[in-house]
Structure formats: structure tokens, C-alpha cells
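See structure below.
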Amino acid sequence: MTDFLSALMSPSMPFVRNALIAGLLSSILFGVLGTVITVRRIGSLAGAISHAVLGGIGIAILLSSRNIVSLPPIAGALIFAVIAALIIAFVALKAKQREDTVINAIWAIGMSIGVVSMAKSPTYADPLSYLFGNILLIGSSDLILLAFLDVVILILLWKFYPQIEATSFDEEFARVRGINSQLVFILILIITAVAIVLLQTFVGIVMVIAMLTLPSGTAGFSAKNMLTMMGLATLYSAVFSAGGLVIGWQLDIPTGATVVLLSGAVFLAFSAVASRRRKKDDSRT
């Protein structure tokens, strides 16, 4: 712990401070969006979008490296993510019986396009760097972008929380109240897609998927309502991000993977405690 604090305070190591700030800023996105994803049970949809992003990144790298079109990887990722979100939304709303098949197809095809495109690119690009990312490479401009996205998400939450809550728990009731639940669902997927693209740029696809589900899943064991769940999920995300950074630094192991392992361990511990309590309650009755 002393080594990490020394590095955190060292003027020659600003990347450590940037990584810690990025983890805290990302926690707001993970807490709010992760709760919506968990409550609506669309974790597989978010996972498919996350992996489809790799296809857009690969194509952007291929086109740019061959001087066909100058397209930054984040632009290709955004295009693929929004397209994937719209396809998934259409299938989920219009053809539910084929939903799982389409989700799995987008997941696999997106990743395959990315890997093949990177392999054919004259400039070397390692798919693993996009899957796992490196939070220690985050710069000041990235922090500004994360903070801006946090503000946008919080404003949207403040303005539309009743609609989000109603459609998340009971779409029939929401429609009776005059809320366009289908439009809300589509917008949630698109916003999630954009957030996934920006977050995976900083921390990698694997960590994005884990942090969109594990902190909110952990919060769900004790939260009584959706707003409380968002607050707890944000807190857990911050603790997991900071804790994973400290442990990764002290043990000299990949930070992103450490954050995921810490999040998973806490989630499993909460699950075990909740399961034991249920068994005790059942035995009493």
C-alpha cells in the first residue's frame, strides 16, 4: 500500500493519479447504466454490443492503414455499436423468439470481423489490447471526456428517472401511463452503446462487461429501490476500481483483470451470504 501511495503522490507518475480518477469517474456510468441493464435483464444485449465494437475498431484500423479512409478506431466503434444496438432493439421488440440467436450472432460476428480486419492491416494491432485495455494509459483529455459523459448521464437520469423506472419494472403499466416504452428501450440501448465505446477505450471490453453487471448485481442484494441500487452500484464500482488498481500495482499484475476478479469475488461472497439467509428463512417456515 505504501508503494502505491508513493506512486500516487509522485509528480513523475501522473498516470497513476489519472487511472484512479478515471476509475472513480467511470463508476458513475457503471453504477447508473449497470443498474438499468441489471433491472431490465439485458446484460447479454450489452455484452453483444461490447463485442461488436471490436468489429468497428478493426475495420477503422484496416481502412486507415491502407489509406482508404482516415477513420479513427473510436469512430468505427461508435458506428458498429449503434448499428448493433438498433438491430438488437428491433429483434427484441419485433421477433422475441429469435432474440438469443441474433444476440449471439452479433457477438460472434463483431469480434470475428475485428480480428480478421486487424490481421489484414499492414500496421500491427493486438486485439487483446482492446479486450482488456490499460487504465494506466489514460490521459487528461480522456478524463475530461469521462466527466462530460457522467454529466450527460446524470442530467438524463434527473430528467427521465420516472420513465426509466416505470419501463424497467413494468412496461405494461408504463404504457398505460402514456410512456413510450419501446422508445425508452431503444434510447437506453443507444446510450449504453455510446458509453460502452468510450469506456472500452479506457478499460477494455472485458472490464466494461464485468463492471456493467457485477457492481449492480452486488447492490441488488441490499437495495430496496432502483435509485438506491444506482447509488450502491456506483459506490461498489468506485471501491472495486480503486481496490483493483492498488492490488494490481502492489502485485505487479494487470489492473483491469484485477478489478474484474475483485468485483467477481465480492459478488460471489454476497451471493453466498444471500443464499445462506434464504435457507435459514426457509428452515424457520
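If the Kirkwood radius is taken over C-alpha pairs of the stretch 129-285, then at 25 °C and 0.890 mPa s the Stokes-Einstein diffusion coefficient equals 140 µm²/s.
Modelled label positions at ALA147 and PHE160, each set 7 Å beyond Cα in the direction of Cβ, lie 2.6 nm from each other. Spacing of the modelled spin labels on LEU5 and LYS120, each 7 Å from Cα toward Cβ, amounts to 5.4 nm. The distance separating the Cα centre of the stretch 229-245 from that of the stretch 13-37 comes to 8 Å. Helical runs assigned H by DSSP (4 residues or longer) give the chain a calculated mean residue ellipticity at 222 nm of -28500 deg cm²/dmol, each run adding -39500 (n - 2.57) before division by the residue total.
Sorted by mean Cβ packing within 10 Å, highest first, what order do the peptides 259-271, 203-215, 233-245 take? Before the final figure, lay out the partial values.
Numbers: 259-271: 18.2, 203-215: 26.2, 233-245: 23.1.
Those peptides, ordered most packed to least, come out 203-215, 233-245, 259-271.
With the Kirkwood sum run over all distinct C-alpha pairs, the stretch 1-142 has a hydrodynamic radius of 17.1 Å.
Quote the charge dipole size of the chain about the Cα centre in Debye, to the nearest 20; the model charges only the Cβ of Lys and Arg (+1) and of Asp and Glu (-1).
On the way: 18 positive and 13 negative charges, 138 e Å.
Charge dipole of the chain: 660 debye, to the nearest 20.
Across the chain, the relative contact order, built from alpha-carbon pairs under 8 Å that are at least six residues apart, equals 29 percent. Where does the stretch 1-72 land on the Kirkwood hydrodynamic radius, alpha-carbon pairs, in angstrom? When all Cα pairs of the stretch 1-72 are included, the Kirkwood radius is 15.7 Å. With 10 Å bins beginning at zero, the pair-distance distribution over Cα atoms of the stretch 101-174 amounts to 15, 21, 29, 27, 8, 0 %. Compared with the direct C-alpha span, the chain from LEU137 to PHE221 gains 26.8 nm at full extension, assuming 0.36 nm per residue.
Taking volume of the Cα convex hull per residue in Å³ straight from the coordinates, which label in (i) 171; (ii) 121; (iii) 158 is the correct one? The value computed from this structure is option (iii). Centre-to-centre separation between the Cα atoms of the stretch 43-80 and those of the stretch 114-190: 15 Å.
Coordinate-derived values only; no laboratory data. Quick caveat: nothing in here was measured; it's all calculated off a predicted structure. When we count neighbours, we look across all protein chains shown, and the Cβ atoms used for this are built from the backbone with ideal geometry, even at glycine.
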